[in-house]
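The values are calculated or read from the model by the stated rules, or taken from the named source; none is laboratory data. Since this is a predicted model, take the numbers as computed values, not measurements. Here the Cβ positions follow ideal geometry from the backbone for every residue, glycine too, while neighbour counts run over all protein chains shown. Accessible surface is based on the protein model in full, side chains and every heavy atom, while ligands, DNA and RNA are left aside. Shrake-Rupley method; radii C 1.70, N 1.55, O 1.52, S 1.80 Å.
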Amino acid sequence: MKKIYALAILATATMALTAQAETKTGTLDIGDFEGCTTYIYGQNIERAPFNFYYTNSGTQLIYTAEEIAPLVEAGAKITSLTFRFGDPEAMSYYDFSYNLHAYMQLIDADRFTLVEGKTNWFTPGGDSAIGEGTFTFDMIMDMASDDIPATVTFATPFEIPKTAAGKSLLITSWATLDTGDSEGGQCIYPYAENNAARTYRMACFASDTKDNFIEQVNTGALIDLGTTGTDVYNTDIPVLRISYTYEDTADGIECIATPEEDTPAQYFNLQGQRICDPEPGQLVIKRQGSQAVKTIIR
């Protein structure tokens with residue numbers, strides 16, 4: 001009888017510990033989201049992830065395992081994606097709005113593989129529910145702005161399991177003109193981070209007459225640089241803020257919250273694997289609190 005009583009106490013204690021897990025929110029910035037001053041200029045079609053110069057546009061963007069390692073470590077559930085745009089040359093002369101869409105999936109590749117100038121769209125696989133948003137440009141309000149956010153929100157969050165180390169995040173996004181004139185000079189540029197390796201991590205589509213981007217993606221159609229008006233670039237990659245939730249599993253002991261800068265740092269290699277003792281001179285991902293940055297150990 002005593003043994004049964006002891007087991008009952010243990011079960012109750014276990015339930016109490018489990019109940020202390022709580023859902024928290026965080027953000028991960030890829031690139032210097034707040035302070036970046038570099039734009040993707042390039043060709044018109046390079047304005048990823050959304051191109052506001054055409055009636056229809058679409059892109060696929062690859063963010064690598066090293067960039068999303070903190071999401072994997074947290075077991076994150078992505079709730080929204082925010083990109084930054086600006087109008088540095090004041091070339092947008094009309095009001096306009098676009099409907100924005102996106103979905104995500106985890107892939108093994110960290111780039112598009114080109115063979116004789118050709119490759120394929122990545123077909124959907126394990127993707128989340130589609131996220132949606134609206135981008136509205138008000139000429140009076142935004143013409144002099146260098147900080148115009150474009151956010152896509154997911155009603156059903158996209159889960160990044162802790163077993164996804166080494167996977168890259170593929171974002172398929174597209175925009176359709178809602179109001180305004182696509183010939184009206186909407187030269188809005190995305191802020192970008194340095195794609196130092198110059199790897200092919202972005203494929204773009206834009207057209208004033210065709211709206212078959214998703215059809216091409218769903219069939220894994222060939223991206224022929226010479227004939228389709230679609231292109232693959234080794235250009236810089238848009239800065240991105242990822243908002244997410246995660247489960248904070250408490251250990252049953254209440255503690256006093258510490259400032260983020262006092263939170264112990266965690267280190268990951270470029271493949272997203274945890275490093276306990278990084279060595280001087282090693283390039284790593286340093287995660288402290290909700291922030292993650294690339295750094296060299298001094």
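Being open to solvent by 40 Å² or more (accessible area, probe 1.4 Å) and over 25 Å from Ile130 (Cα atoms) is the filter here; which residues of the range 193-214 pass it?
So in the range 193-214, the residues open to solvent by 40 Å² or more (accessible area, probe 1.4 Å) come out as 194, 196-198, 200, 208-212, 214.
Answer for the range 193-214, where residues must be open to solvent by 40 Å² or more (accessible area, probe 1.4 Å) and over 25 Å from Ile130 (Cα atoms): Asn194, Ala196, Ala197, Arg198.
Would you confirm, using the coordinates I've provided, whether Thr23 is among the polar types (S, T, N, Q), at pLDDT 90 or above and either in contact with a strand residue (DSSP E or B) (Cβ under 7 Å, 6 or more places away or on another chain) or more than 14 Å from Val239 (Cβ to Cβ) (or both)?
no
Can you tell me which residue in the range 152-163 is farthest from Leu61 (Cα to Cα), limited to those that are open to solvent by less than 70 Å² (accessible area, probe 1.4 Å) and not in a strand (DSSP E or B)? So that I can check it myself, show each step before the final result.
Taking the range 152-163 first, the residues open to solvent by less than 70 Å² (accessible area, probe 1.4 Å) are 152, 154, 157-158, 160-161.
Now drop any that are not not in a strand (DSSP E or B), which leaves 160-161.
Details: Ile160: 17, Pro161: 20 Å.
Among those that are open to solvent by less than 70 Å² (accessible area, probe 1.4 Å) and not in a strand (DSSP E or B), it is Pro161.
Residues checked against (1) part of a strand (DSSP E or B); (2) modelled with pLDDT of 80 or more; (3) more than 21 Å from the chain's Cα centre (by Cα):
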| position | (1), (2), (3) |
| --- | --- |
| Val232 | yes, yes, no |
| Tyr244 | yes, yes, no |
| Glu247 | yes, yes, no |
| Ile253 | no, no, yes |
| Thr258 | no, no, yes |
| Pro264 | no, yes, yes |
| Gly272 | no, no, no |
| Ala292 | yes, no, no |
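Considering only the range 67-86, state which residues are crowded, with 22+ Cβ neighbours inside 10 Å and at pLDDT below 95.
Of everything in the range 67-86, those that are crowded, with 22+ Cβ neighbours inside 10 Å and at pLDDT below 95 turn out to be Arg84, Phe85.
Determine if the range 129-141 includes at least one residue that is of a type in the set (Gly, Ala, Ser) and under 21 Å from Val239 (Cβ atoms).
Yes, the range 129-141 has at least one match.
Report the residue count in the range 164-202 for those that are part of a strand (DSSP E or B), farther than 17 Å from Tyr39 by Cα and not β-branched (Val, Ile, Thr).
8
Right, Gly42: in a strand (DSSP E or B) and either in contact (Cβ under 8 Å) with a residue 12 or more places away in the chain or touching a strand residue (DSSP E or B) at 6+ places or on another chain (Cβ under 6 Å) (or both) or not?
Here the answer is no, as Gly42 does not meet what is asked.
So which residues in the range 102-150 are closer than 25 Å to Thr64 by Cβ, assigned to a strand (DSSP E or B) and open to solvent by less than 50 Å² (accessible area, probe 1.4 Å)?
Those that are closer than 25 Å to Thr64 by Cβ, assigned to a strand (DSSP E or B) and open to solvent by less than 50 Å² (accessible area, probe 1.4 Å): Ala102, Tyr103, Met104, Gln105, Leu106, Ile107, Thr119, Gly131, Gly133, Ala150.
With respect to the numbered conditions (1) over 30 Å from Phe268 (Cβ atoms); (2) open to solvent by 10 Å² or more (accessible area, probe 1.4 Å), which one is the sole condition not fulfilled by Val217?
Failed condition: (2).
Select, from Ser128, Ser168, Ser207, the only residue that is out of contact with any helix residue (DSSP H, G or I) (no Cβ under 9 Å at 6 or more places or on another chain) and among the hydroxyl-bearing types (Ser, Thr, Tyr).
None of the other options fit; the residue is Ser128.
For the structure I just gave you, tell me whether Asp236 is crowded, with 17+ Cβ neighbours inside 10 Å and at pLDDT 75 or above. Before the answer, list the steps.
On the way: crowded, with 17+ Cβ neighbours inside 10 Å: yes; at pLDDT 75 or above: yes.
Yes, satisfied.
Restricting to the range 51-64, name every residue that is open to solvent by 10 Å² or more (accessible area, probe 1.4 Å) and either of a type in the set (D, E, K, R) or out of contact with any helix residue (DSSP H, G or I) (no Cβ under 6 Å at 6 or more places or on another chain) (or both).
Hits for the range 51-64 are Tyr54, Thr55, Asn56, Thr64.
The rows are residues; the columns are (1) in contact with an Asp or Glu (Cβ under 9 Å, 6 or more places away or on another chain); (2) of a type in the set (Val, Ile, Thr); (3) more than 30 Å from Gly26 (Cβ to Cβ); (4) touching a residue at least 24 places away in the same chain (Cβ under 8 Å).
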{"residue": "Thr82", "(1), (2), (3), (4)": "no, yes, no, yes"}
{"residue": "His101", "(1), (2), (3), (4)": "yes, no, no, yes"}
{"residue": "Gln105", "(1), (2), (3), (4)": "yes, no, no, yes"}
{"residue": "Asp108", "(1), (2), (3), (4)": "no, no, no, yes"}
{"residue": "Thr113", "(1), (2), (3), (4)": "no, yes, yes, yes"}
{"residue": "Gly117", "(1), (2), (3), (4)": "yes, no, yes, yes"}
{"residue": "Gly126", "(1), (2), (3), (4)": "no, no, no, no"}
{"residue": "Ile130", "(1), (2), (3), (4)": "no, yes, no, yes"}
